[in-house]
Amino acid sequence: MARGSWLAAAGSGDVLSGLIGSLLAGGLEPWLAAGCAAYVHSLAGELAARGVPVSASGILTAIPDAVRRVRAGVL
């Protein structure tokens with residue numbers, strides 16, 4: 001799966017920083033926001049990749065599914 005260099009696509013850092021910012025705005029402590037965002041970003045990349053390199057927009061599109069899986073405990 002994607003956990004690795006495939007997440008190094010142009011713009012994927014912007015997706016990650018947006019996740020961190022939204023969690024900070026929601027009141028999470030910075031260290032927790034960064035950790036949660038990194039995990040969701042990685043999972044979204046995995047879901048979007050499906051065995052091939054992924055774009056930032058693909059990661060962004062997969063975030064809702066990744067969040068649903070985390071909330072449901074389907075990791």
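Yes or no: Ala34 at pLDDT 95 or above, assigned to a helix (DSSP H, G or I), open to solvent by less than 60 Å² (accessible area, probe 1.4 Å) and not aromatic (Phe, Trp, Tyr)? Yes, satisfied.
Criterion applied to Ala10, Ala25 was being among the small types (Gly, Ala, Ser), free of Cβ contacts under 8 Å to residues at least 12 places away in the same chain and open to solvent by 70 Å² or more (accessible area, probe 1.4 Å), and the one residue passing it is Ala25.
Of everything in segment 58-75, what is assigned to a helix (DSSP H, G or I), free of Cβ contacts under 8 Å to residues at least 24 places away in the same chain and open to solvent by 60 Å² or more (accessible area, probe 1.4 Å)? Give them in sequence order. Those that are assigned to a helix (DSSP H, G or I), free of Cβ contacts under 8 Å to residues at least 24 places away in the same chain and open to solvent by 60 Å² or more (accessible area, probe 1.4 Å): Thr61, Pro64, Arg68, Arg71, Ala72. For segment 63-74, a residue qualifies if it is more than 14 Å from Gly18 (Cα to Cα) and touching a Leu at 6+ places or on another chain (Cβ under 8 Å), and the qualifying residues are Asp65, Ala66, Arg69, Val70.
Residues that are open to solvent by less than 50 Å² (accessible area, probe 1.4 Å) and either of a type in the set (A, V, I, L, M) or modelled with pLDDT of 95 or more (or both) within segment 42-57 comprise Leu43, Ala44, Leu47, Ala48, Ala49, Val54, Ala56, listed in sequence order.
The values are calculated or read from the model by the stated rules, or taken from the named source; none is laboratory data. Quick caveat: nothing in here was measured; it's all calculated off a predicted structure. FYI the Cβ positions are ideal-geometry reconstructions off the backbone, even for glycines, and counts take in every protein chain you see. These accessible areas exclude ligands, DNA and RNA; they are computed on the full protein's heavy atoms, side chains included. Shrake-Rupley method; radii C 1.70, N 1.55, O 1.52, S 1.80 Å.
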